[in-house]
Amino acid sequence: MHNTDFIVDLDTTNDTQVASPRTLDIGIEDGVQAFPKPGTNESANRLMIFTGTAICSIAADGDGERSLGVVRIRLNFPISNTLHFVGSATVAALASVHGDDPEEALFAVDAAQTIVGPSDGGTIPDKGLPANDLYVILDAATMGADTNLNRLAYQANVLLNDIEPDLKSILVRPSGTAIAFAPETTIPTGSQWDFQVNLTGPVIDATFLILLQSSNPSAAPVAAATQLNQGDTSGAFLGGTATNPNPHTTIDVTITAIGRRATRTAILHIQGPTT
């Protein structure tokens, strides 16, 4: 339960509301929240660390009574159906205060947490904020005339299980042949080549985009991107026509495929004319 004498909403995309927001995305294996035990048996494969300073500027009401409320920070990290929230550990501290009253004053920040959705189970009005985003919730307190709680520093550590697959490999072969796809292949100049992209699992979203690059586009051009559709684990595509005008030489071209986080390569050995 949260007290709501005040509710201050801040957004990390607005530098007048959150100073120096930073995000660190770390791939992990079998991450769990040790304490308290989360309400899921899933383990995490991503650790997200969010830091910043909330510019909250909360003025005490000056009536001599303590005011208890919430600072809510939207992290602008949407939680899609392929991201499962496993757990979080969040800390916050006073970054700056200001007061001119010689009488008793109080500033505090307590019970920092990171949650999916803005309302924390309906205990805070959502004010129309998106439900599929991450929010840092800080319980804060002020007391004393002419006092302001200016800034709160926070760090949110969030465990996620990302079930969307990633790129596993890119393989190549001469086009129109029964030769198996392999990490490298030999292509005569003027001949076409195929490539195959393989994922670590079936596509869950509607599509999976793979960016493509050639180390020598004049010798082995390739499309800027290709995609797999929901349910696919791999796909074969026409790469293009290999070109090497230099007789009795072979040039090597690296074809690079870029998935969500993984990058994989294959090599074409392009033979020049023999006569």
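Across region 186-195, a minimum of one residue is classified as touching a Phe, Trp or Tyr at 6+ places or on another chain (Cβ under 8 Å) and either surrounded by fewer than 18 Cβ atoms within 10 Å (Cβ to Cβ) or among the aromatic types (Phe, Trp, Tyr) (or both). Look at LEU167 and say whether it is crowded, with 20+ Cβ neighbours inside 10 Å, more than 30 Å from ALA236 (Cβ to Cβ), touching a residue at least 60 places away in the same chain (Cβ under 8 Å) and not small (Gly, Ala, Ser). Answer is no for this residue.
Residues in region 15-40 that are on the phi < 0 side of the Ramachandran plot, assigned to a strand (DSSP E or B) and of a type outside the set (Ser, Thr, Tyr): VAL18, ALA19, PRO21, ARG22, LEU24, ASP25, ILE26, GLY27, ILE28, GLU29, GLY31.
Among the residues of region 261-269, is any under 28 Å from HIS84 (Cα atoms), of a type in the set (Ser, Thr, Tyr) and surrounded by fewer than 14 Cβ atoms within 10 Å (Cβ to Cβ)? Yes: one or more hits.
Could you tell me whether ALA131 is surrounded by fewer than 18 Cβ atoms within 10 Å (Cβ to Cβ) and touching a residue at least 60 places away in the same chain (Cβ under 8 Å)? When the stated conditions are applied, ALA131 does not pass them.
Taken over region 1-14, residues that are more than 18 Å from the chain's Cα centre (by Cα) and in a strand (DSSP E or B) amount to 4.
Set side by side, the residues SER119, SER175, SER218 differ, and just one is surrounded by 14 or more Cβ atoms within 10 Å (Cβ to Cβ), without any contact (Cβ under 8 Å) to a residue 40 or more places away in the chain and of a type in the set (S, T, N, Q), which is SER119.
Got at least one residue in region 65-77 being at pLDDT below 95, surrounded by fewer than 16 Cβ atoms within 10 Å (Cβ to Cβ) and not in a strand (DSSP E or B)? Among the residues of region 65-77, at least one is at pLDDT below 95, surrounded by fewer than 16 Cβ atoms within 10 Å (Cβ to Cβ) and not in a strand (DSSP E or B), which makes the answer yes. For region 41-55, a residue qualifies if it is among the charged types (D, E, K, R) and either over 19 Å from the mean Cα position of the chain (by Cα) or outside any strand (DSSP E or B) (or both), and exactly one does: GLU42. Scan region 1-24 for residues that are touching a residue at least 60 places away in the same chain (Cβ under 8 Å) and under 26 Å from ARG46 (Cβ atoms) and the total you get is 5. Restricting region 196-209 to residues that are of a type in the set (Val, Ile, Thr) and buried (at least 18 other Cβ atoms within 10 Å of the Cβ), the residue that is nearest to the chain's Cα centre (by Cα) is VAL203. Look at THR185 and say whether it is polar (S, T, N, Q) and farther than 30 Å from ALA93 by Cβ. Considered against the rule, which asks whether it is polar (S, T, N, Q) and farther than 30 Å from ALA93 by Cβ, THR185 comes out as yes. Scanning region 140-159 turns up one or more residues that are modelled with pLDDT of 95 or more and polar (S, T, N, Q).
Of everything in region 225-249 that is over 30 Å from ILE163 (Cα atoms) and surrounded by 15 or more Cβ atoms within 10 Å (Cβ to Cβ), the residue that is modelled with the lowest pLDDT is GLY240.
The values are calculated or read from the model by the stated rules, or taken from the named source; none is laboratory data. In this text, all values refer to a predicted model and were calculated from it rather than measured experimentally. Positions of Cβ are generated from backbone atoms using ideal geometry, with glycine treated the same way; all protein chains shown enter the neighbour counts.
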